[in-house]
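The next block holds one structure in the form of structure tokens; read it before the comments.
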Amino acid sequence: MKRVATYGLVLILILPGCTARRAAGPSPTPKAYGTQLVEVSGGKQIGGVGSKLSDPLVVQVNGADGSPVPGALVSFRCVGLTFNPSDALSDSSGQASVAVQLGGIPGSYQVLAATPKSGGGTVTVTSHEIALGYQEKLGKEVSEKYCTFCHDPESTPERVSNFDNLTPPSPHQFSDGNTLNPMSDADLIKIIADGGPALGKSPQTPAYRGTLTTAEIKAVVAYLRAVADPPYPASAGK
Amino acid sequence: MSLGNQFGRVARFFVGTAPRRFASVSVLLAVVSSIAPTKDLFSEWRHYQRRYVRMIRNRPDAARLERRFESGIHQIWIPEQHVVDRCSTCHVALQEASLADLRKEPFRPHPPMPHSLTEFGCVVCHHGQGAATTVQEAHYSTKAWEQPILPSRYTESSCGQCHMDVLEGTPRLNQGRRLLARYGCAHCHAITQPDGTLVAPVDEPPSLEHVAEKTTREWIFAWVKNPQAYAASSTMPNYRFSDQEAADIASFLVAQSTASENSRKELKRAAPPPGDDAAQAGTSLYGTLFCSSCHAIQNAAGNLVGGDLAPELTRVGSKVNPDWLRRWLQAPQGYDPKTRMPRYRYDEKQVALLSTFLLSKKDDDFLANVHLPDSDTASIARGKKLVADYGCTACHRVNGVNPPESFAPDLSRIGSKPLFQVGFIRGMPETLPDYIAGKIHDPRAFGPALKMPTFSLTDVQVESLTTALLAQTDRAVTMPPELVRTTSHAKYHPGGDAGRLMEDLRCQSCHSINGNGGDMAPDLSFEGSAVQRKWLVDFMNNPNTLRPALIRRMPKFNLSEAEIKSLSDYMLSAYQASGFDSQALEASALNADAAARGKQLFYTKYACQSCHIADYKKDKGYVGPALTDVGDQLTPVWIYKLLKNPNALNPGTVMPNPNLTDGEARDLTAFLITLKAHPKGGTT
């Protein structure tokens, strides 16, 4: 009897220690359940490795009739990313919003947002965020200086797009994974270094061999691999 | 049987006789001397190396990886940089590019970088303790070593320990350094950079010596209370003054104000045309004079439209005294000799229209609730004390208060500040980057009595500033000088009569010349080699932009003929590039046949029309300048040399080097010089 009491006491002393560690982020209790989850904004953002993204990731929980569901639990999961909070209840407009901090490894991070259904099971939506390392950042700077004039159809106050002024074939956006993913690194390097005609394409893409270093050209390729949508195979699946 | 008896029997067994004593001591010695090797056998790094060996066995290039793997402690030793890094003991595959698909540390290869691993080691960039061989000691704060691994979002700061030049691969560091200079951090804090120079502020806070001419006590009160309520884009920080303090400061600033040189000048007025016409004409004049190259105004949608080189003008009508504004438009330097604003040669009618337009840019709500009691000597005295205590004169010139010396802590080595000297707020992560970021974000959270004001910065800007400050390490100071990549600190100013004129026009607010000046407009260092005299004279008479898509354009200065002659004489003789003997280009080679071949190259082989317009009827390219009158504008030698190597004559240009042969460059030059505006000359 005495021995049982001793073991019991030890167990009682140990247990709070275990639970305290596990209860670092108590997830809130859902007050409602939805049947559909959609991304509202904050996906496909680009940031430096380890940095906080400038906009939150926002998803919306909808019911069977398509109307937003407030008070539903949404969990955000992704190996390498930090969410604050990682479990949130949807607000009065059915939306859950979390701040995202990127991981330390460059590449594309697949985010899985999930909400429980009332009858059990979950509905999910995937999104992805992009972390740039040194090489990809260099590529981004180089491409924003030389390439986006023609390769980005959107204008900014500092840069008027030249996209519509070109004669067809039109340039591909760097995020155009469907076109660029099948091309090999060697071909992309060749077209940047020697211009469109090197691969039998339009001379409207000039040769950058005399302007950019080999490291810069490789950096541009690393950057467009990083921002590819759908993600480039080598950096996908994280 | 008692415990003592038992112990006695055990002791007798081991030490009862001499041979037994000898055997016991030998065994004890063997056990003791095996403790260290056993600990080593089970050490963390051996565990990782065993895992690595197991992992590579299953890889297609196992044989090669195994051949390259060496067991044992690895070390990078660079005595002159105090580097003893054993990181590669566990991170064994840092140089194995074939493992790039791995997603988990510690076996990922290092991503591509501009330096080799053996050149600088690891801790120079990543911090942490290089000599440690356990995960805990190498990466995290311990009692013996308090600087942990630098979070990856601040890694760019490490480049800044040597590189003073602007690197393309470090956008955060570059932005942080720009902000350090732009937000005037260096007015109060001394920040010595690795090359020994101090960070120089680029903001130019206005002189307050004559402020009563410019505005009212009420406006100063409202501004000091919350600068961003008047102009969202203002870089002036918020000191969180109480109403009483703000009123005292406003009383003092008005009381200390003296008469400016401008106020002694007679103000010539032209009556603006009445009513709607004036508003219309003023608005369009503001546009055609390109004030928005430097000044911004918020539009109806709440977006700022215009440049950020000069103050925002959204509510300027609620601020300025109308007579001050008219005098300022005529002669800014008569009010503030150090202003960057040029002295435009506006006539009286233009001044009347512009001032009418600017005075209409007001917000009646801004000062509606400001009712200050009359100023008295006690209030003025309190205001003077506040102005001195809060270091206002570190930025602004004020009569009777000298600039403070060593007003705020020196930040030259902030990136190596010992953590025991840091006063953290309860609950915040106790790391240096978090401390610096927290201090920039909300300084008063670290103590209500602190004087540092709150700047209106975004999270990204705070991260960039933190990156720039983390570069200020002990290591940066002790770097061998040959490693420090410095930038030029040229202080070129043009001389002579033309030089005085160029100062008056503040050419270098926008144009850089011989390494000194702004970056908004083209560099003029070689302008004399580049352009033809007639074009230069026409351009200064009527500056029409070569890049119609840009918002920022050269304003019209209304120069006299004599002034234009003086400027063009000076530029054409002083701003010459070296090696421009026209021998490089025989005029006879630039004939009609060559021009025809050049046209073919322009349109077909090099598709120049993708970026340039040679003919408004068919070309649409809008990246580079229009070339429709380039034959009037540029000298043939300049065109030829620019085509051969654009970056050499125009550093930082977007134009790629097309790698032309000499013959192709000659043919293209021959074509380009045929592009002229009109037979009678002049620009379109």
Return the pairs, sorted by first residue and then second, in which the second residue is part of a helix (DSSP H, G or I) and surrounded by 16 or more Cβ atoms within 10 Å (Cβ to Cβ), the first residue lies in the range A:185-203 and is within 11 Å of chain B (Cβ to nearest Cβ) and of a type in the set (Ser, Thr, Tyr), the beta carbons are less than 6 Å apart, and the residues are 6+ apart or on different chains.
A:SER202/A:GLY196
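Step by step: first the residues of the range B:1-59, then only those that are under 60 Å from the mean Cα position of the chain (by Cα) and of a type in the set (Phe, Trp, Tyr), then the one that is farthest from B:THR89 (Cα to Cα). Which residue is that? I'd like the intermediate steps shown before the answer.
Let us first name the residues in the range B:1-59 that are under 60 Å from the mean Cα position of the chain (by Cα), namely B:33-59.
Subsequent filtering for residues that are of a type in the set (Phe, Trp, Tyr) retains B:42, B:45, B:48, B:52.
Numbers: B:PHE42: 15, B:TRP45: 7, B:TYR48: 9, B:TYR52: 11 Å.
Residue satisfying both the conditions and the ranking: B:PHE42.
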Give me the pairs: first residue in the range B:560-576 and in contact (Cβ under 8 Å) with a residue 12 or more places away in the chain, second residue among the hydroxyl-bearing types (Ser, Thr, Tyr) and part of a helix (DSSP H, G or I), beta-carbon distance under 6 Å, and six or more apart or on different chains, which are they?
B:GLN576/B:SER529
Output the residue which, of all residues in the range B:149-164 that are more than 8 Å from chain A (Cβ to nearest Cβ) and part of a loop (DSSP other than H, G, I, E, B), is nearest to B:VAL422 (Cα to Cα).
B:LEU150
Could you please let me know if B:LEU668 is touching an Asp or Glu at 6+ places or on another chain (Cβ under 9 Å), in a helix (DSSP H, G or I), within 14 Å of chain A (Cβ to nearest Cβ) and buried (at least 19 other Cβ atoms within 10 Å of the Cβ)?
no
Can you find a residue in the range B:218-238 that is away from chain A (no Cβ under 14 Å), more than 26 Å from B:ASN262 (Cβ to Cβ) and surrounded by 21 or more Cβ atoms within 10 Å (Cβ to Cβ)?
yes
I'd like the residue in the range B:191-210 that is in contact with a strand residue (DSSP E or B) (Cβ under 7 Å, 6 or more places away or on another chain) and closer than 21 Å to B:CYS159 by Cα and, out of all such residues, is surrounded by the fewest Cβ atoms within 10 Å (Cβ to Cβ).
B:LEU198
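Just to be sure before I move on: is A:GLY47 assigned to a strand (DSSP E or B), modelled with pLDDT of 85 or more, of a type outside the set (A, V, I, L, M) and closer than 29 Å to B:SER152 by Cβ in the structure I sent? Break it down into steps so the answer makes sense when it comes.
Numbers: assigned to a strand (DSSP E or B): yes; modelled with pLDDT of 85 or more: yes; of a type outside the set (A, V, I, L, M): yes; closer than 29 Å to B:SER152 by Cβ: yes.
When the stated conditions are applied, A:GLY47 passes them.
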For the range B:554-570, state whether one or more residues are under 25 Å from B:ARG533 (Cα atoms), within 14 Å of chain A (Cβ to nearest Cβ) and polar (S, T, N, Q).
no
Identity of the residue in the range A:106-138, in contact (Cβ under 8 Å) with a residue 12 or more places away in the chain and small (Gly, Ala, Ser), that ends up nearest to the other protein chains (Cβ to nearest Cβ)
A:GLY133
Output the residue which, of all residues in the range B:89-148 that are of a type in the set (S, T, N, Q) and in a helix (DSSP H, G or I), is nearest to the other protein chains (Cβ to nearest Cβ).
B:SER98
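Output the residues belonging to the range A:200-238 that are of a type in the set (A, V, I, L, M), assigned to a helix (DSSP H, G or I) and modelled with pLDDT of 90 or more. Give the derivation first.
So in the range A:200-238, the residues of a type in the set (A, V, I, L, M) come out as A:207, A:212, A:215, A:217, A:219-222, A:224, A:226-228, A:234, A:236.
Keeping just the survivors that are assigned to a helix (DSSP H, G or I) gives A:215, A:217, A:219-222, A:224, A:226, A:234.
Matches in the range A:200-238: A:ALA215, A:ILE217, A:ALA219, A:VAL220, A:VAL221, A:ALA222, A:LEU224, A:ALA226.
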Give the number of residues within the range B:458-497 that are crowded, with 19+ Cβ neighbours inside 10 Å, at pLDDT below 90 and among the small types (Gly, Ala, Ser).
1
Index of the failed condition, B:HIS187 passing every other in (1) touching a Cys at 6+ places or on another chain (Cβ under 6 Å); (2) in the same structural domain as B:GLN330 (by TED's automatic domain parsing):
(2)
Identify the residue in the range A:164-176 that is surrounded by fewer than 21 Cβ atoms within 10 Å (Cβ to Cβ) and touching a Phe, Trp or Tyr at 6+ places or on another chain (Cβ under 8 Å) and, among all such residues, is farthest from the other protein chains (Cβ to nearest Cβ).
A:SER170
Residue in the range B:416-433 that is nearest to B:ARG172 (Cα to Cα), counting only those that are within 14 Å of another protein chain (Cβ to nearest Cβ) and buried (at least 16 other Cβ atoms within 10 Å of the Cβ):
B:PRO433
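The rows are residues; the columns are (1) touching a helix residue (DSSP H, G or I) at 6+ places or on another chain (Cβ under 8 Å); (2) assigned to a helix (DSSP H, G or I).
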| position | (1), (2) |
| --- | --- |
| B:ALA246 | yes, yes |
| B:ALA279 | yes, yes |
| B:GLY282 | yes, yes |
| B:ALA301 | no, no |
| B:VAL305 | yes, no |
| B:LEU313 | yes, no |
Checked pairs for the range B:165-185, first at the interface with chain A (Cβ under 10 Å from one of its Cβ atoms) and crowded, with 21+ Cβ neighbours inside 10 Å, second of a type in the set (Asp, Glu) and in a helix (DSSP H, G or I), C-beta under 6 Å and 6 or more apart or across chains, list as B:THR170/B:GLU156; B:ARG172/B:GLU156
If you take the residues of the range B:456-477 that are polar (S, T, N, Q) and either touching a helix residue (DSSP H, G or I) at 6+ places or on another chain (Cβ under 7 Å) or in contact (Cβ under 8 Å) with a residue 60 or more places away in the chain (or both), which of them is farthest from B:THR235 (Cα to Cα)?
B:THR473
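If I ask for residues that are part of a helix (DSSP H, G or I) and either at positive phi or within 14 Å of another protein chain (Cβ to nearest Cβ) (or both), which ones from the range B:573-613 would you list?
Taking the range B:573-613 first, the residues part of a helix (DSSP H, G or I) are B:573-574, B:582-584, B:587-589, B:592-605, B:608-610.
B:GLN600, B:LEU601, B:PHE602, B:TYR603, B:THR604, B:LYS605, B:CYS608, B:GLN609, B:SER610, listed by residue number.
Residue by residue, here is whether (1) within 10 Å of chain A (Cβ to nearest Cβ); (2) in a loop (DSSP other than H, G, I, E, B); (3) among the acidic types (Asp, Glu) holds:
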{"site": "B:ASP619", "(1), (2), (3)": "yes, yes, yes"}
{"site": "B:THR628", "(1), (2), (3)": "no, yes, no"}
{"site": "B:GLY631", "(1), (2), (3)": "no, no, no"}
{"site": "B:LEU642", "(1), (2), (3)": "no, no, no"}
{"site": "B:PRO658", "(1), (2), (3)": "yes, yes, no"}
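Which is outside the structural domain of A:THR126 (by TED's automatic domain parsing), surrounded by fewer than 19 Cβ atoms within 10 Å (Cβ to Cβ), of a type outside the set (Lys, Arg) and out of contact with any helix residue (DSSP H, G or I) (no Cβ under 9 Å at 6 or more places or on another chain), of A:PRO28, A:PRO56?
Working: A:PRO56 fails: outside the structural domain of A:THR126 (by TED's automatic domain parsing).
Checking each option against the conditions leaves just A:PRO28.
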Determine which member of the set A:GLY71, A:GLY63, A:GLY103 is among the small types (Gly, Ala, Ser) and within 14 Å of chain B (Cβ to nearest Cβ).
A:GLY103
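Can you go through B:ALA378, B:ALA437 and tell me which one is buried (at least 19 other Cβ atoms within 10 Å of the Cβ), out of contact with any strand residue (DSSP E or B) (no Cβ under 7 Å at 6 or more places or on another chain) and not in a loop (DSSP other than H, G, I, E, B)? If you could, list the steps in order and put the result at the bottom.
Working: B:ALA378 fails: buried (at least 19 other Cβ atoms within 10 Å of the Cβ).
After applying the criteria, what remains is B:ALA437.
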The lone exception for A:SER75 - which of (1) within 30 Å of B:PRO111 (Cβ to Cβ); (2) modelled with pLDDT of 90 or more; (3) more than 12 Å from the chain's Cα centre (by Cα) it fails
(1)
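Looking at the range B:445-463, which of its residues are among the polar types (S, T, N, Q), touching a Phe, Trp or Tyr at 6+ places or on another chain (Cβ under 9 Å) and within 14 Å of another protein chain (Cβ to nearest Cβ)? Talk me through it step by step, then tell me what you get.
Initially, the range B:445-463 is screened for residues among the polar types (S, T, N, Q), giving B:454, B:456, B:458, B:461.
Still in the running and touching a Phe, Trp or Tyr at 6+ places or on another chain (Cβ under 9 Å): B:454, B:461.
Correct list: B:GLN461 only.
The values are calculated or read from the model by the stated rules, or taken from the named source; none is laboratory data. It should be emphasised that the depicted structure is a prediction, and the values quoted were computed from it without experimental measurement. Cβ coordinates were reconstructed from backbone atoms using ideal geometry, including for glycine residues, and neighbour counts include every protein chain displayed.
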